[in-house]
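Take this structure first; my questions come after.
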Amino acid sequence: MNQLKEIQAVSAAYGYTGYKWSTRLALILLLGVVIFFPFFEKSPSHQNFIILVLMAAQLGVAWNIIGGYAGQISLGQVAFYGLGAYTSTLLFTKFGVNPWLAILIGGLLAACISLAIGWSCFRLKGHYFAMATIAVAEIIQIVFTNWEFAGAAVGLNLPMEGGWKFLIFTEKEPYYYLALGLLLLTLAVNYLIEKSYLGFYFRAIKDEPDAAQSLGVNLRLYKQIAFAISSFFTALGGSLYAHKELYIDPSSVLHTGLSIKMALVSILGGVGTLSGPVIGAAVLTLIEESTRMLFGGSGKGTDLIIYAALIVAIAVYYPSGVVGWVRSYLSRRTAMRQMRLEGRGA
Amino acid sequence: MTLLHVEKVSKHFGGICANEDISFDMDAGQIVGLIGPNGAGKTTMFNCIAGYSRPTSGKISLNGIEVSGLRPDQCARVGIGRTFQVARTFHSMSAMENVMVGAVLGSRNVSAAREFGWQLLELVSLAKFADKPAASMTISEQRRLAVARSLAIKPRLLLMDEVMAGLNPSEVKEMVDTVKKIRNQGISCLIVEHVLEGIMPIADKIVVLDYGKKIAEGPPHIISNDPVVISAYLGDE
Amino acid sequence: MTSEIIIQTLASGLLIGLIYALIAIGLTLIFGVMDIVNFSHGEFLMLGMYSSFWLYAIYHLDPLYTLPLTAVLLFGVGAVVYRVVIKKVIDAPMLAQIFATFGLMILFRGLAQFLWKPDFRTVGNSVVSGSVSLSGIQIGLPQLTAGVGAILVTLGIYLFLTKTRTGAALEATAADKEAARLMGIDSQRMFTLAWGVGAACAGVAGGLLSTFFPIFPEIGANFILTAFVVVNLGGFGSVIGALLAGILVGVIEVMGGFFFGPQYKMGIVLCLFLAVLMFRPQGLMGKA
């Protein structure tokens, strides 16, 4: 019995999951830096860069819920991004609905559509599901490209100003806080999921769906929950884009390349982890912007080559992403420390 | 009181008849062995009982409630637990987390599930692996983990699919002791086994399948001397 | 809307469908043998088109005559892609496989853009330029040749798979990799072969298309989704299925475009795709 207590104590201190106090301190410091960032950095293009990172990270975190945790590889999330952007924009510009409400409705609509997609597609396995999601997103893009009411290929414009009532600003700072707020909200939801029984169920579904069923997990139901949550937040991200750029059209908010990017951000950083998409977004945006500055714009395709080489390299050599690599390094250190501890305990 | 009632269950896959007209009963608190040569249809029977396959004809009920045709997760909630031939532990999780997936069925509270998880890991002597990745454990340890995990859903009937395969004699003894501990907690066990020296000594009853049909049913000492059973095994060697 | 127009539309649907079939056969071969969905398959088509184009532009060789050369070239590309990249993700999780081929897709497009610029190219004057009249219907000669070429190559692949030892080995590996290995069939060689032949099919399709389609780095995007639809409708792993499905998809696409408008062509094909995925996921001929 004594031995059991000892094991439990060691487990609590060097837990496999859960965050040590030193990590929590570092996170609080990081949060402080991030919140006060715009006060130190005034250049709009630098601010814009960070905003892009925050937005990419938020989309990655949203994708991660269905793709990284629950293991259902959706490559059509841009459908919800676009649906969110279009729904909130149409409600706001054509029907005068308050943007705060319109954005929420956009998110809920996306969640409902995800129910329809999930109901028909979740029985499909692996590749088939991925391809079905691509097909759905492409169909939605075709619909919006030909829908006059929604601006068809020309797109929709949003008014140039409005302040906090309309979530439209002339300076960058408010957008920074909006993007940060949305990211923190999405991360918070992800964290709560990870700590709750939902997190366990999602990961079980990803690892071994048959075994999960034998433990009472209704696969359809929980995949659907993950999908709905993911779609909701992706849609919110789309609305944020609309309010920031003040212009949307099918090629900017319904383009399949964006779906890939949402997944890539998580893969690069580490699927199934909280910090993965954030790290991945930072790295990816950095690479994108720097290749564009150095090589892009001349139509030479060099930025594409670098981007692509990166994707292939990650897929082949680092499928667990940055976080996976860091974790395996740390766990080796923890294992050695634990061996020393056990040696002393006798 | 009859716990499990299997009545004239048949299962066809296209042209193949994996189970043909199989009937047997299990009482609460029993350990029943399901044996037979390879390909006899034992795992198919498990799949039918646990909801992974729908019987082509026939009926299966647990405590009088019909379970044939339910989804696997529904069967689990009704009280049927199962392990698989390949342990299928959740490789991205630790041993404790594996057990907790089962434990949260009863109570969604994660810390209560963790408490329960410690008890189950103790039962199968895996407590020291609690925070180790499941993927880093040996096959026999993973098997015991899968058993602990299935117990976490507080089943009334536990189906164990070849839990003793490939184990050395001391591991077999450990597993046998675990099965007895499980039965002593009031959980009935239906066990598919090839390792006869593991199952025969502890079973209350043995059901023998061959080519999809039930060829014998009875206490172990009768079965082991039954000429029909013996020729079924020898005929396949 | 005369019957003449309908027959005309059917004919062009049939011919383009045969090309889709050829592209899909390469894709289905790769999937059948090793369960990997090659998202970069459209780029093999693109490379085949460029191969035809450059041989024409530099050496003035007609695309029709350089088809064998294009086939060999693309076989090499496919084999190299397998050895250098795909081999490393064969046992990796599906996400890694998807992204590996996705990355290759972008890589090839970027390389094409870098090497050959994004301008549209065409093969102006080919041996098969012009059109013919078959019992009252006008058919472009390039399209007709492409269709016939596709049938011939499909037949060739089918005979290869069913009548030769290597073909049988390929089928065996597709059915059960381990069992085939135990019988002395080298899986690595078979996988390389599958990628080579698969890429060559797409490359030849590209060569056939080059006589009447514009050539540019992103051309693969136009065909890859359709190729997936065909493979799925025909049944993953089935060559005959790909042929039948290709024709069906080609006809449906052209007829749909005719009735609903050309901007909806892709949408109709995609809806067909979803319908197949939901109601008959194993396709016409596939193993479930």
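I'm checking a number: the convex hull volume of the Cα atoms of chain B, normalised per residue, in Å³. What is it?
In chain B, the Cα convex hull volume per residue is 124 Å³.
What 222 nm value per residue comes from the helices of chain A, counting each DSSP H run with n ≥ 4 as -39,500 (n - 2.57) and dividing by all residues, nearest 500 deg cm²/dmol?
The per-residue figure over chain A is -25500 deg cm²/dmol.
Mind checking which lysines have their C-alpha under 17 Å from A:Lys42, skipping anything on the same chain fewer than 8 residues away?
Cα-Cα hits under 17 Å: A:Lys172.
Within the set B:Lys59/B:Lys214; B:Lys59/B:Lys205; B:Lys154/B:Lys181; B:Lys11/C:Lys177; A:Lys125/A:Lys223; A:Lys206/B:Lys42, which residue pairs have Cα atoms separated by over 23 Å?
As for pairs spanning more than 23 Å Cα to Cα, those are B:Lys11/C:Lys177; A:Lys206/B:Lys42.
Another question, then. Under a Cβ-only charge scheme (Lys and Arg +1, Asp and Glu -1), can you give me the dipole magnitude of the protein assembly as shown about the Cα centre, in debye to the nearest 20?
That gives a dipole near 1320 debye.
What is the set of long-range amide H partners of B:Ser94 at a cut-off below 5 Å, with H atoms built 1.01 Å from backbone N?
For B:Ser94, the qualifying residues are B:Ala134.
Which distance in Å, rounded to a whole number, links the C-alpha centroids of the stretch A:110-162 and the stretch C:4-71?
30 Å
Here's another thing I want to ask about it. Take C:Thr154, A:Thr256 and order them by how many other Cβ atoms sit within 10 Å, fewest up front.
Sorted ascending by nearby Cβ count, the order is A:Thr256, C:Thr154.
Okay, moving on. In whole Å, largest first, what are the principal axis extents of the Cα atoms in chain A?
Cα spread of chain A along its principal axes, largest to smallest: 75, 50, 43 Å.
Please name which of A:Thr256, A:Leu185, A:Leu75 has its Cα lying farthest along the dipole of chain A towards the positive end, using unit charges on Cβ (Lys, Arg +1; Asp, Glu -1) and the Cα centre as origin.
Of the candidates, A:Leu185 comes out farthest on the positive side.
From other protein chains only, count the Cβ atoms within 10 Å of every residue's Cβ in B:83-89, then give the mean.
For this peptide, the per-residue mean of nearby foreign Cβ atoms is 3.
Tell me, what is the FRET efficiency for B:Ala28 and A:Ala309 to the nearest 0.05, using R0 = 56 angstrom and their Cβ-Cβ distance as r?
It comes to 0.35.
Something else: Of C:Ile6, C:Leu182, C:Ala172, whose Cα points farthest to the positive end of the dipole of chain C (charges on the beta-carbon: +1 Lys, Arg; -1 Asp, Glu; origin at the Cα centre)?
The residue sitting most towards the positive pole is C:Leu182.
Output needed for the stretch C:158-219: three equivalent-ellipsoid semi-axes, defined as square roots of 5 times the C-alpha gyration tensor eigenvalues, in descending order, whole Å.
Sorted largest first and rounded, they come to 32, 12, 7 Å.
Oh, and also: Taking the DSSP beta bridges in the protein assembly as shown as the whole, what percent of them are antiparallel, to the nearest 5?
Taking every DSSP beta bridge with both residues in the protein assembly as shown, the antiparallel ones total about 65 percent.
Kindly put A:Lys125, B:Lys11, B:Lys154 in sequence by how many other C-beta atoms sit within 10 Å of each C-beta, fewest to most.
A:Lys125, B:Lys154, B:Lys11
Stick to Cα atoms and the Kirkwood definition of Rh, then tell me Rg/Rh for the stretch A:148-231.
That ratio equals 1.21.
List the aspartates and glutamates whose Cα sits under 17 Å from the Cα of C:Lys163, skipping any in the same chain fewer than 8 residues away.
C:Glu171
Would you please give the FRET efficiency between B:Asp21 and B:Ala135, computed as 1/(1 + (r/R0)^6) with r the Cβ-Cβ distance and R0 = 45 Å, to the nearest 0.05? Present the calculation step by step, with values, prior to reporting the outcome.
Details: r = 41 Å, r/R0 = 0.92.
Result of the calculation: an efficiency of 0.60.
Report, in cubic angstrom per residue, the convex hull volume of the C-alpha atoms of the stretch C:1-92.
With only Cα atoms used, the stretch C:1-92 gives 133 Å³ per residue.
A further question follows. Would you compute, for the Cα atoms of the stretch B:87-153, the largest minus smallest coordinate along each principal axis and list the three values in descending order, in whole Å?
Sorted largest first, the three principal extents are 29, 22, 18 Å.
In sequence order, what are the phi-derived ³J(HN,Hα) couplings for the stretch B:203-209 according to the Karplus relation 6.51 cos²θ - 1.76 cosθ + 1.60 with θ = phi - 60°, rounded to whole Hz, with x for glycine and proline?
6, 7, 8, 10, 10, 10, 10
If the only charges are +1 at each Lys and Arg Cβ and -1 at each Asp and Glu Cβ, what is the size of the charge dipole of the stretch B:55-208 around the Cα centre, to the nearest 20 debye?
That gives the stretch B:55-208 a dipole magnitude of about 400 debye.
Within 10 Å of each Cβ in C:258-266, how many Cβ atoms from other chains are there, averaged over the peptide?
Whole-number average of other-chain Cβ neighbours for C:258-266 is 2.
Largest first and in whole Å, what are the equivalent-ellipsoid semi-axes of the protein assembly as shown based on the Cα gyration tensor, each being the root of 5 times an eigenvalue?
Semi-axes from the Cα gyration tensor: 50, 38, 25 Å.
To continue, here is another question. For the stretch B:1-80 and the stretch A:246-312, what is the centre-to-centre distance using only Cα atoms, to the nearest Å?
Distance between centres, Cα-based: 51 Å.
Here is a follow-up. Report, by chain and number, residues whose modeled amide H sits under 5 Å from the one on B:Lys205, excluding near sequence neighbours (fewer than 5 apart, same chain).
B:Ile31, B:Gly33
In addition: Going by how many other Cβ atoms sit within 10 Å of their own, how do C:Arg165, B:Arg108, C:Arg109 line up, fewest first? Please list the in-between numbers first.
Values: C:Arg165 8, B:Arg108 12, C:Arg109 25.
Least crowded to most crowded, the residues run C:Arg165, B:Arg108, C:Arg109.
Nearest 10 degrees, 0 to 90: what angle lies between the long axis of helix C:41-59 and the longest principal axis of chain C (Cα atoms)?
The answer is roughly 60 degrees.
A short reminder: the numbers here are calculations on the coordinates, not readings from a lab. This is a predicted model, so every value here is computed, not measured. Cβ: placed from backbone, ideal geometry, glycine included. Neighbour counts: every protein chain shown.
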